[in-house]
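**Student:** Sharing a structure here in structure tokens format.
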Amino acid sequence: MKNSTTSLVSEQAFSELVIGNTAIVRAMVESGVRVVTSYPGSPTPEIAEAISSIPIEKRPFYFEYSTNEKVATEIAFGATMNGHTSCVFFKSVGINVAADSFVQLGFYNLLGGMVVVLGDDPGANSSQNEQDNRHLAALSYIPIFEPASPKEVYTMFKEAVSIARKKQMPVILRLTTHVCHAKQKIDFQAYKAKKYDWAPSFDNTKGPFIAITTRALEMKRNARKKLAEFAEYSDKSEFNTIINNSNKERGIITFGATFLSLQDILQEATNKKPDILKLGIPYPIPKKLILEFLSSHKEVRILEELDNLLEKELKAMAYENKLSCKITGKQSDEEWIGEYTPDKVQDLLQKQWPDLFPKPQTISKPLYSAPARPPQLCPGCGHRPVFTALSKHLKPEDITVGDIGCHTLGFLPPHNIGQIVVSMGHSVSTGSGLAIGNKERRVIAFVGDSTFYHAAMPGIVNAVFNKHKITLVVLPNGTTGMTGHQNHPGTGENFNEIVDAIPVKQVLEGLGVKNIRECDAYNQNKFIEHIESSFQDEGFSVVIAEHPCMLKKTREDKKAGKFLGNKIEVRNDMCKLLMTCIQKFACPTFQIMDDGQVIAHPDLCIGDGSCMQTCEAKALRNKKKEQQKD
Amino acid sequence: MKSETFNIYIIGVGGQGLGLLSETIARAAAYSGINVCGTDTHGLAQRGGMVDSTIRLGENVFSPLIRKNDADLVIGMEINESLRGVNDYLKPKGTLVYYSVSWQPLPVRLGKEKEVKKSMLEESCKTKEAKIFEANMDNLKDSRMQNVVLLGVLAKNQLIPGIEPKHYKQALSDLLNHKILESNIEVFEKIVG
């Protein structure tokens, strides 16, 4: 889908309805960022989608999807050390992978400047937690800009670049899910594309660039000094603003998308609206501005999504300055959990100041509840036959370890495969740990292909090296599935060009794995044969069960006019209502009609035929293919 | 909330083309000169799970999110999800437009929960004194064109104040390439008349 009808590199000013993620790319173009890197992860992958809308020959910067967030951070670090302004972006938990290098960034004089775009995920919409990455910024002495809307994303990114370049430092642009994905019309400015000199300007006299022993402490001083200078800027910055409602009694301090929730609900206020201090820079905070605000209000409520960093700092400031202002922050665990939506913010303020809003209307309870709809594997997904076969074959005491990716969904009924998941690439090593001292319960771990290259390889080397007795099932589908079909080292294509694929099997052989078996993921009998053989192996074994992502393939086939439109038909004359297709295989295609008959839903079925082997009554047939034979 | 604000909540199942429907309406609103903001579900929920989108029209909209029971219009792309949309977001005296197709969620297929029927949806709208419009068209080339059928019903009944059929068409032509555009416009015009 096009996000923008005007080219993002157009030198003319233009207005366009875009999401925050698209707005960043225009800001990159205007501000002369030259190297951009990432590893795909929600809520940020649409930044790369917007980049891909610019043909490579017109793209004023280099972009790559790197193999993981740490690698992406280091590429951006290396590039800025050559004087090129760089930017790295990734999902919230991506920073945990990047952390080893990320926490050092502030220590260095980053010669071209660097902006780190973080996609935090309050509400854990698509992440395994809702960690507040302001902690990581504070840990690393790196300042944060936090926009509330796509318009602010655009302006703040440009400001972040300008400071990062001038001060030769890293600056974070912290986004949250509904800032990344919020849509808004933005007036983009005109700019003049400049011819860029790519001459490498790395100069080790501008260091120190090696943080060891006493130098590390010197370099920490450098980071603290730059942060202090930034704090001075923060106190003067127009991104921190006061909305004056002439209320000397009540004030609210907030930042990010919470500010928009607040503005929305205050339209309904019946009592005098509180003054608002909206921070665009939540770290380091503008102390003077905040002191003035606290001193000039009797009561101040802090509306702070996720953790209470701001609250602690403000209360300490009030104590030091002997302020009489009553400061209220988080009152219960619920205020630490979930997104600060307009509904949530209204609830919080209602409790704080019951006279602020009219009494809420009571709306009668729904007559019927809608059935839950957990996410599930797509029709034709190669993971489904694997999980169906395993859930039939494994013993109840066997332990299955999932990883991050589409196959994580195997944990849901009816398959219940993948009983424990922690983080990207953990499965081999968690599985290895579960196998120590364990002679009774077999351990099977899973990993998808993108995750395999991302973080699973060190665990595999370790399993070989330390002779851990587990079976790893690698499930290559030729793409980064869950995040929206990005390429990875196994696909034979990077973001920019066709390259040699680095096949999973070849990597495994290179890592010293002796026992490797392969089959198509659709072939349940062969797969189970391989699993059984792997249990007989000594030490570590791998089964590769490969099948292309059928969602991606079907989309591509439809686009190319190659989709045959085959459909599976349930033959009523043969169907014995065994319900295996629904209860054991669980392809969303199979539905139960009011009369109890089973059908293959024509909107959903892609005619892949992976279901046919599961029906013991042989009532499934692939309609068109058979007709063609006749 | 000021009277001119108009909130639209769209709900469906991952794979139905909700993103396109939402983007078309938002762009159509922009073409008609209305200030617009909104947001879509992305990421994990797309895999056969519930997906939703918000569009907010008017001069005084800030957050892209809609509050519970505050949608003037709920657009349901699937019958089970339509009930969820009505229960959670439809404003009393609002409007529901839904496409009458069922993509049974897993608990329904496993016999653990009940499938939503047309009568349940009608009764639920009645308790909220809401208007209800059903959309459906047989023999569509691609099930993803169901969203253009919904657009047609919106346009024909002028369910979004200020947006005219030409604005929807303008938005569609931004978003679809030539061949697909033609067949979609055909379906759209068949409904609008």
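**Student:** Scan segment A:174-198 for residues that are of a type in the set (Ser, Thr, Tyr) and within 14 Å of another protein chain (Cβ to nearest Cβ) and report the count.
**Tutor:** Step one: of segment A:174-198, the residues of a type in the set (Ser, Thr, Tyr) are A:176-177, A:191, A:196.
With within 14 Å of another protein chain (Cβ to nearest Cβ) added as a condition, the list becomes A:176-177.
Adding up the residues that qualify gives 2.
**Student:** May I ask you to list the residues in segment A:13-51 that are within 11 Å of another protein chain (Cβ to nearest Cβ), open to solvent by 10 Å² or more (accessible area, probe 1.4 Å) and part of a loop (DSSP other than H, G, I, E, B)?
**Tutor:** Once the filter is applied, which keeps residues that are within 11 Å of another protein chain (Cβ to nearest Cβ), open to solvent by 10 Å² or more (accessible area, probe 1.4 Å) and part of a loop (DSSP other than H, G, I, E, B), segment A:13-51 yields only A:SER42.
**Student:** Within segment A:180-200, can one find any residue that is crowded, with 17+ Cβ neighbours inside 10 Å, closer than 24 Å to B:THR41 by Cα, among the β-branched types (Val, Ile, Thr) and under 30 Å from the mean Cα position of the chain (by Cα)?
**Tutor:** Looking through segment A:180-200, at least one residue is crowded, with 17+ Cβ neighbours inside 10 Å, closer than 24 Å to B:THR41 by Cα, among the β-branched types (Val, Ile, Thr) and under 30 Å from the mean Cα position of the chain (by Cα).
**Student:** In addition: Taking the options B:ASN139, B:ASN147, name whichever one is surrounded by 23 or more Cβ atoms within 10 Å (Cβ to Cβ) and out of contact with any Asp or Glu (no Cβ under 9 Å at 6 or more places or on another chain).
**Tutor:** Values: B:ASN139 fails: surrounded by 23 or more Cβ atoms within 10 Å (Cβ to Cβ).
Residue meeting the stated conditions: B:ASN147.
**Student:** Of the conditions (1) within 27 Å of A:LYS158 (Cα to Cα); (2) assigned to a loop (DSSP other than H, G, I, E, B); (3) within 14 Å of chain B (Cβ to nearest Cβ); (4) over 28 Å from the mean Cα position of the chain (by Cα), A:GLU238 clears all except one; give me its number.
**Tutor:** (3)
**Student:** Assigned to a loop (DSSP other than H, G, I, E, B), over 28 Å from the mean Cα position of the chain (by Cα), buried (at least 22 other Cβ atoms within 10 Å of the Cβ) and of a type in the set (A, V, I, L, M, F, W, C) - does that describe any residue in segment A:527-539?
**Tutor:** Just the residues of segment A:527-539 that are assigned to a loop (DSSP other than H, G, I, E, B), to begin with: A:537-539.
Checking the rest, the ones that are also over 28 Å from the mean Cα position of the chain (by Cα) come to A:537-539.
From the residues that got through so far, the ones that are buried (at least 22 other Cβ atoms within 10 Å of the Cβ) too are none.
No.
**Student:** For segment B:141-165, how many residues meet the condition of being assigned to a helix (DSSP H, G or I) and either in contact (Cβ under 8 Å) with a residue 40 or more places away in the chain or closer than 25 Å to B:SER102 by Cα (or both)?
**Tutor:** Residues flagged as assigned to a helix (DSSP H, G or I) and either in contact (Cβ under 8 Å) with a residue 40 or more places away in the chain or closer than 25 Å to B:SER102 by Cα (or both) within segment B:141-165 amount to 14.
**Student:** Could you please tell me which pairs satisfy a Cβ distance under 8 Å, a separation of 6+ or placement on different chains, a first residue in segment A:334-346 that is more than 8 Å from chain B (Cβ to nearest Cβ), and a second residue that is aromatic (Phe, Trp, Tyr) and open to solvent by less than 40 Å² (accessible area, probe 1.4 Å)?
**Tutor:** none
**Student:** Being in contact with a helix residue (DSSP H, G or I) (Cβ under 8 Å, 6 or more places away or on another chain) and in contact (Cβ under 8 Å) with a residue 60 or more places away in the chain narrows it down to one of A:GLU11, A:GLU30, so name that one. Step through it out loud before you land on a result.
**Tutor:** On the way: A:GLU11 fails: in contact with a helix residue (DSSP H, G or I) (Cβ under 8 Å, 6 or more places away or on another chain).
That would be A:GLU30, the only listed residue that is in contact with a helix residue (DSSP H, G or I) (Cβ under 8 Å, 6 or more places away or on another chain) and in contact (Cβ under 8 Å) with a residue 60 or more places away in the chain.
**Student:** Considering each residue of segment A:580-599, count those that are under 15 Å from A:GLY380 (Cα atoms) and in a loop (DSSP other than H, G, I, E, B), and give that number.
**Tutor:** 4
**Student:** For segment A:580-601, what are the residues that are among the hydrophobic types (A, V, I, L, M, F, W, C) and loosely packed, with under 15 Cβ neighbours inside 10 Å? Quick ask: steps written out before the conclusion?
**Tutor:** Our first condition is that a residue be among the hydrophobic types (A, V, I, L, M, F, W, C); within segment A:580-601, this holds for A:581-582, A:585-587, A:590, A:592-593, A:598-600.
A:MET593 - this is the single residue of segment A:580-601 that is among the hydrophobic types (A, V, I, L, M, F, W, C) and loosely packed, with under 15 Cβ neighbours inside 10 Å.
**Student:** In this structure, does A:TYR154 turn out to be in contact with a Lys or Arg (Cβ under 9 Å, 6 or more places away or on another chain), assigned by TED's automatic domain parsing to the domain that holds A:GLY123 and within 26 Å of A:SER92 (Cα to Cα)? Please lay out each step first, then the result.
**Tutor:** Details: in contact with a Lys or Arg (Cβ under 9 Å, 6 or more places away or on another chain): yes; assigned by TED's automatic domain parsing to the domain that holds A:GLY123: yes; within 26 Å of A:SER92 (Cα to Cα): yes.
Yes, satisfied.
**Student:** Still on this structure: When you look at A:ALA216, is it modelled with pLDDT under 95, part of a helix (DSSP H, G or I) and not assigned by TED's automatic domain parsing to the domain that holds A:GLY256, yes or no? Full working, then the answer.
**Tutor:** Numbers: modelled with pLDDT under 95: yes; part of a helix (DSSP H, G or I): yes; not assigned by TED's automatic domain parsing to the domain that holds A:GLY256: yes.
Yes; evaluated as a whole, the condition is true for this residue.
**Student:** Determine which single condition A:ILE444 fails, assuming it passes every other condition in (1) under 30 Å from A:MET612 (Cα atoms); (2) modelled with pLDDT of 95 or more; (3) open to solvent by 20 Å² or more (accessible area, probe 1.4 Å).
**Tutor:** (3)
**Student:** Next up: Return yes or no: is B:VAL153 open to solvent by less than 20 Å² (accessible area, probe 1.4 Å) and more than 9 Å from chain A (Cβ to nearest Cβ)?
**Tutor:** Numbers: open to solvent by less than 20 Å² (accessible area, probe 1.4 Å): yes; more than 9 Å from chain A (Cβ to nearest Cβ): yes.
Yes.
**Student:** Filter segment A:355-414 for residues that are closer than 30 Å to B:GLU129 by Cα, within 14 Å of chain B (Cβ to nearest Cβ) and either in contact with a Phe, Trp or Tyr (Cβ under 6 Å, 6 or more places away or on another chain) or open to solvent by 50 Å² or more (accessible area, probe 1.4 Å) (or both) and give the result.
**Tutor:** A:PRO358, A:PRO360, A:GLN361, A:THR362, A:ILE363, A:SER364, A:LYS365, A:PRO366, A:LEU367, A:TYR368, A:SER369
**Student:** Pick from A:LEU604, A:LEU577, A:LEU564: which is open to solvent by less than 70 Å² (accessible area, probe 1.4 Å) and outside any strand (DSSP E or B)? It would help to see each step written out before you state the result.
**Tutor:** Numbers: A:LEU577 fails: open to solvent by less than 70 Å² (accessible area, probe 1.4 Å); A:LEU564 fails: open to solvent by less than 70 Å² (accessible area, probe 1.4 Å).
The conditions single out A:LEU604.
**Student:** What's the total number of residues in segment A:347-382 that are in contact with a strand residue (DSSP E or B) (Cβ under 6 Å, 6 or more places away or on another chain) and touching a residue at least 40 places away in the same chain (Cβ under 8 Å)? Give the derivation first.
**Tutor:** Within segment A:347-382, the first condition is being in contact with a strand residue (DSSP E or B) (Cβ under 6 Å, 6 or more places away or on another chain), and the residues that meet it are A:352, A:373.
From what is left, the residues that are touching a residue at least 40 places away in the same chain (Cβ under 8 Å) are A:352.
Count: 1.
**Student:** Tell me the strands (runs of 3 or more DSSP E) entirely within segment A:414-525 that contain at least 1 residues that are on the phi < 0 side of the Ramachandran plot and within 25 Å of the chain's Cα centre (by Cα). Steps first, please.
**Tutor:** Values: elements: A:443-448, A:471-475, A:515-520.
So the answer is A:443-448, A:471-475.
**Student:** Among the residues of segment A:204-228, write down those that are open to solvent by 60 Å² or more (accessible area, probe 1.4 Å) and charged (D, E, K, R).
**Tutor:** A:LYS206, A:ARG215, A:GLU218, A:LYS220, A:ARG221, A:ARG224, A:LYS225
**Student:** Across segment A:256-286, what is the number of residues that are away from every other protein chain (no Cβ under 14 Å) and assigned to a strand (DSSP E or B)? Give the derivation first.
**Tutor:** Residues of segment A:256-286 away from every other protein chain (no Cβ under 14 Å): A:271-272, A:274-275, A:277, A:279-286.
Imposing the further condition that a residue be assigned to a strand (DSSP E or B) reduces the set to A:275, A:277, A:279, A:283.
Total satisfying the criteria: 4.
**Student:** While we're looking at this one, here's another question. Test A:ILE420 against the criterion of being more than 28 Å from A:ALA501 (Cα to Cα), among the aliphatic types (A, V, I, L, M) and either without any contact (Cβ under 8 Å) to a residue 12 or more places away in the chain or open to solvent by 10 Å² or more (accessible area, probe 1.4 Å) (or both), and give yes or no. Spell out the reasoning first.
**Tutor:** Working: more than 28 Å from A:ALA501 (Cα to Cα): yes; among the aliphatic types (A, V, I, L, M): yes; either without any contact (Cβ under 8 Å) to a residue 12 or more places away in the chain or open to solvent by 10 Å² or more (accessible area, probe 1.4 Å) (or both): yes.
Criteria met by A:ILE420.
**Student:** If you scan segment B:106-120, which residues turn out to be open to solvent by less than 20 Å² (accessible area, probe 1.4 Å) and over 30 Å from A:LEU409 (Cα atoms)?
**Tutor:** Listed by number, the list is empty, since nothing qualifies.
The values are calculated or read from the model by the stated rules, or taken from the named source; none is laboratory data. Just so it is clear, the model here is predicted, and its values are computed rather than measured. Cβ: placed from backbone, ideal geometry, glycine included. Neighbour counts: every protein chain shown. Remember, those area values only see protein heavy atoms, side chains included, never the ligands or the DNA or RNA. Shrake-Rupley method; radii C 1.70, N 1.55, O 1.52, S 1.80 Å.
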